[in-house]
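**Student:** Next up is a structure, given as structure tokens.
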Amino acid sequence: VEQLRIQVPSKDRQAWLKAELNAAAAEDQPVYLFAHHPPFQIHIRMMDMIRLVQWREVAALLTETRADIRHYFFGHVHRPISGCWRGIPFSTLYGTNHQVALDLGPAEHTHKTHEAPSYNVALLSDELTVIHTCPFTYDGAVIDHRSDPNTDHAKREAGRAQVAAQEG
């Protein structure tokens, strides 16, 4: 796949990132990386063509660091994707306007969709990274499960009792 030349991190930026990662490692501080372009293939051909150009350099830098990289957040692909790259958990989300269709084939151009736009809320702590997705244009009902006839209240109570017993 041929890459387009955009968003190239300069040697100065790479040196800055290396220094920051080394400082975090020296102070035993967790690191959360935020970027626009992913540094790896996501297997949507047209998006892979415009991934981070200097991905090899970034991959080497992240592999060499002793920093505790907890999560890699990125955008640009307008598609909810999560996984693990070189031992680093990652995620991205729908865009806030158009979305990119899920097409894992050899497409020559990118199809767009009108799936709901969203934003994410990341809750970060020493023990846990939790990422919530909010499709902010949703205008459907919000249902109180206590009055929903489709809720199996006996199963719900049994589940709560089981969790309480495990915690107690």
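**Student:** Tell me which aspartates and glutamates have Cα within less than 12 Å of Lys11's Cα, excluding those fewer than 8 residues away on the same chain?
**Tutor:** Glu57
**Student:** Label 7 Å along Cα→Cβ of Asp126; region 64-90 residues with amide nitrogen under 17 Å?
**Tutor:** 68-70
**Student:** Next up: If you put +1 on each Lys and Arg Cβ and -1 on each Asp and Glu Cβ, how big is the dipole of the chain around its Cα centre, in Debye rounded to 20? Each step should come with its number before you reach the end.
**Tutor:** Details: 16 positive and 20 negative charges, 89 e Å.
With Lys and Arg at +1 and Asp and Glu at -1, about 420 debye.
**Student:** Is the shape of the chain best called rounded, prolate or oblate, per the rule: a/c under 1.5 gives rounded, else a/b larger than b/c gives prolate, else oblate, with a ≥ b ≥ c the square roots of the Cα gyration tensor eigenvalues?
**Tutor:** oblate
**Student:** Next question, about the same structure. Give the percent of DSSP beta bridges with both residues in the chain that are antiparallel, rounded to the nearest 5.
**Tutor:** On the way: 13 of 21 bridges.
Roughly 60 percent of the beta bridges in the chain run antiparallel, per DSSP.
**Student:** Using the heavy atoms of the protein chains and a 1.4 angstrom probe, tell me the accessible area per residue for region 50-168 in square angstrom.
**Tutor:** Spelled out: the 1.4 Å probe surface of region 50-168, per residue, equals 67 Å².
**Student:** Hey, can you grab everything whose amide H is under 5 Å from the amide H of Lys112? Only 5+ residues off in sequence or another chain; H modelled, so Pro and N-termini drop out.
**Tutor:** Amide H neighbours of Lys112: Ala101.
**Student:** Give a residue-ordered list of calculated ³J(HN,Hα) values for region 71-79 (Karplus: 6.51 cos²θ - 1.76 cosθ + 1.60, θ = phi - 60°; whole Hz; x for Gly, Pro).
**Tutor:** 6, 10, 9, 8, x, 6, 8, 6, 8
**Student:** If I ignore ligands, DNA and RNA and count only protein heavy atoms, how much of Ile143 is accessible to a 1.4 Å probe, in Å² to the nearest 10?
**Tutor:** Accessible area, nearest 10 Å²: 120 Å².
**Student:** DSSP loop GluC sites (Glu not before Pro) in region 1-105 with at most 14 other Cβ atoms within 10 Å of their Cβ, which ones?
**Tutor:** For GluC sites (Glu not before Pro) across region 1-105 that sit outside H, G, I, E and B with at most 14 neighbouring Cβ atoms in 10 Å, the list reads Glu2, Glu27.
**Student:** When the accessible area of the chain is split by element with a 1.4 Å probe, what percent falls to carbon and sulfur?
**Tutor:** 54
**Student:** Moving to a separate point now. Counting other C-beta atoms within 10 Å, and keeping those with at most 14, which DSSP coil chymotrypsin sites (Phe, Trp or Tyr not before Pro) do you find in region 86-168?
**Tutor:** Here the sparse-neighbourhood loop sites are Phe136, Tyr138.
**Student:** When the Karplus curve 6.51 cos²θ - 1.76 cosθ + 1.60 is applied with θ = phi - 60°, which whole-Hz ³J(HN,Hα) does each residue of region 116-131 get, with x for Gly and Pro?
**Tutor:** 4, x, 8, 10, 10, 10, 9, 9, 10, 9, 4, 9, 8, 10, 10, 10
**Student:** Most fluctuating residue of Val31, Val130, Val58 in a GNM of the chain with Cα springs under 10 Å: which is it?
**Tutor:** Of the options given, Val130 has the highest mean-square fluctuation.
**Student:** If each residue of separation counts as 0.36 nm, what is the full-extension length gain between Asp28 and Glu57 once their alpha-carbon separation is subtracted?
**Tutor:** 8.1 nm
The values are calculated or read from the model by the stated rules, or taken from the named source; none is laboratory data. Nothing here was measured: the structure is a model prediction, and the numbers come from that model. Virtual Cβ from ideal backbone geometry, glycine too; neighbours counted across all protein chains shown. The accessibility values were calculated without ligands, DNA or RNA, using every heavy atom of the protein model including side chains. Shrake-Rupley method; radii C 1.70, N 1.55, O 1.52, S 1.80 Å.
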